[in-house]
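Quick notes on the structure that follows.
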Amino acid sequence: MSGERSYRLLDSGDGRKLEQVGEILLDRHAPQATWPQQLVPERWQEAAAIHHRSDRGGGHWEMRQDLPASWCVDVADDLVVNVKPTPFGHVGLFPEQAFQWAWLREIVAGRVAAGSAPRILNLFGYTGIASLSCAAAGAEVCHVDAARGIVDWARTNARTSGLENRPIRWIVDDAVAFVRREVRRDRTYDGIVLDPPTYGRGSRKETWHIESDLLGLLDLCARLLSDDPLLFVVSTHTPGYTRIVLENLVSASFPERQWNMEGGEMSLSEDGGRRLPSGHVLRCSQHPNEKLSP
């Protein structure tokens, strides 16, 4: 099944961003876009839907056109995912992570070419594009998210991309609780990917606060890595959690690892050339690898 080419950022400013997701134009919240918009108002008015955030969290969509319940977009030559508007304004696609998806595929493919299929754990896996990127390159993947509906969405993306028969475990669970059990089971992984939210709630009403919980989770992840780990990736959209902060946290949790570290600020490039900041990422590998800038 194929979709339209995935994503374009047409304009941003005044706290908003104008995006083309597949063939559909959306107007969404972007608090970091404090500069003026460049496109004329008439272009912004062409948006099929506008998301309005609520002061209490979440929000609602103002529909200017009839939209399908979901639609397919391409995120790589062989990956096609389903997107749809959600009350929180997400659509199931974080295009600033595209460099991470490409990096994951490249480094996993290198290990597979060397003769072994790495085991990758994806925590806070959301709609699964990182999981599918690793699986497409030949990895065995464990995908974990606390929301059953989101895990079902990720499984649908696997089917849409023709990867439903790849070795992917789909787990509905709190990330910290799952990792603790895996440590007790003496299981190990060759790579771990995590994109934690600022706040969250687990499947059994567990709470997550990045300020108090991230370091403990990193300590647990250090115990899950195999003796010859391939990669460790952590990205955030939380203000203040820059690449330097992430590097210091990872160094504290993995003191004996001689990681090759790269990363920085994630961003999206507008058609007009400006860049919209979209979080930070730290990528760690045990062996030299071609660098892909975020």
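The values are calculated or read from the model by the stated rules, or taken from the named source; none is laboratory data. Quantities reported herein were computed from a predicted structural model and do not represent experimental measurements. Positions of Cβ are generated from backbone atoms using ideal geometry, with glycine treated the same way; all protein chains shown enter the neighbour counts.
Odds and ends about this structure:
- Checked against the criteria, residue 207 does not count as in contact with a His (Cβ under 8 Å, 6 or more places away or on another chain) and either more than 14 Å from residue 122 (Cα to Cα) or aromatic (Phe, Trp, Tyr) (or both).
- Matching residues in region 62-97 - criterion: being part of a strand (DSSP E or B) and buried (at least 18 other Cβ atoms within 10 Å of the Cβ): 72, 73, 75, 79, 80, 81, 82, 83
- Residue match in region 175-189 (condition: assigned by TED's automatic domain parsing to the domain that holds residue 240, closer than 22 Å to residue 95 by Cα and either modelled with pLDDT under 95 or among the polar types (S, T, N, Q) (or both)): no
- Qualifying positions in region 162-210 - assigned to a strand (DSSP E or B) and surrounded by 14 or more Cβ atoms within 10 Å (Cβ to Cβ): 168, 170, 171, 172, 189, 191, 192, 193, 194, 200, 208
- Residue 282, sole failed condition from (1) part of a loop (DSSP other than H, G, I, E, B); (2) buried (at least 16 other Cβ atoms within 10 Å of the Cβ); (3) in contact with an Asp or Glu (Cβ under 8 Å, 6 or more places away or on another chain): (1)
- For region 60-74, a residue qualifies if it is farther than 18 Å from residue 150 by Cα and under 23 Å from the mean Cα position of the chain (by Cα), and the qualifying residues are 60, 61, 74.
- Whichever residue in region 13-52 is loosely packed, with under 15 Cβ neighbours inside 10 Å and of a type in the set (A, V, I, L, M, F, W, C) and, among such residues, is farthest from residue 279 (Cα to Cα): 40
- Among all positions in region 240-259, there is no residue which is surrounded by 16 or more Cβ atoms within 10 Å (Cβ to Cβ) and touching a Ser or Thr at 6+ places or on another chain (Cβ under 6 Å).
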